[in-house]
Amino acid sequence: MLKSIISEGKTTQEAIDNGLKELKVSKDKVEIKVLENENKKSFFSILTPRVVKVELTVKEDKTSDRSIEKREEKPKREYAHNIEDIEKAKDRVEAFLKTWLPQIDESLQYTITIEEYSILVDIKGESAGLLIGYRGESLNAMQTILSTIANRHANEKIKLLLDIEKYRAKRVKILEELAEKVSRTVLKTGKSVTLEPMSAYERKIIHSKLQEHTRVETYSIGEGDNRRIVIAKIKNK
């Protein structure tokens, strides 16, 4: 149940300040409703002291549930081990790349392999960076396209992973180093640090790197493209 109080003051701001002191929270943590406005005047107000009343309701703390990706992760999908479907999917992806990549740059090269019932696509070339995009956004979009092509006529879900110039391996190393660096800062200052928005894939790397840490914790805030990781010191640690 949300905590709510009615506070009074000579002005609206004074009434709000009095309520915040009583609740011991900052203004951004409450919803404010003016019950009696300071601008509302009547004949009797001349004879009586002006009193403004406001209702303050503490907002629900959406971060209190520690909406951690580790807890949000959906159960892993079991991919069907139908090698015939996978071979056909590989052929569809290869046909697409053979036609499409030369239109981007004829120097781009690709390899497609099947490992552990998954299709692995690797692209290399001088202009391959154009296909990676800002922080891998174009790479992720292209993986979605290739995955759609691979699964177009498949009877069961086929897993496809795309990498360009070993970007994913390099990005994992960068994010793991970032996680370690920020965790040291958090322990030194005692203050939590909110990272820049990241994709679910990148947030998972940060969570995984620090999940065994005994003195810091990670959780996510925000929605959609603005979802961020917070690294905080565990209390009493």
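All of the numbers you see were taken from the coordinates with simple rules; none came from a lab. Keep in mind the model is a prediction, meaning the values are calculated, not measured. Here the Cβ is made from the backbone with ideal geometry for all residues, glycine too, and neighbour counts use every protein chain on show.
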Q) Among Lys21/Lys204; Lys98/Lys209; Lys33/Lys191; Lys29/Lys53; Lys3/Lys209; Lys59/Lys173, which pairs are too far apart, with a Cα-Cα distance over 28 Å? A) Lys21/Lys204; Lys98/Lys209; Lys33/Lys191; Lys3/Lys209; Lys59/Lys173
Q: First select every other residue whose beta carbon is under 15 angstrom from the beta carbon of Ile104; then total the charges, Lys and Arg +1, Asp and Glu -1.
A: -2
Q. What is the antiparallel percent of DSSP beta bridges lying wholly in the range 169-233, to the nearest 5?
A. 100 percent
**Q.** Pairs of alpha carbons in the range 169-233 whose separation is greater than 18 Å (percent)
**A.** 29 percent
(Q) What's the ranking of 180-189, 162-171 by average number of surrounding C-beta atoms within 10 Å, highest first? (A) 162-171, 180-189
Q) For the range 83-165, what Kirkwood radius comes out of the mean inverse Cα-Cα distance, in Å? A) 12.9 Å
Q. When the dipole is taken about the Cα centre of the range 169-233, and only Lys, Arg (+1) and Asp, Glu (-1) are charged at their Cβ, what size is it in debye, to the nearest 20?
A. 220 debye
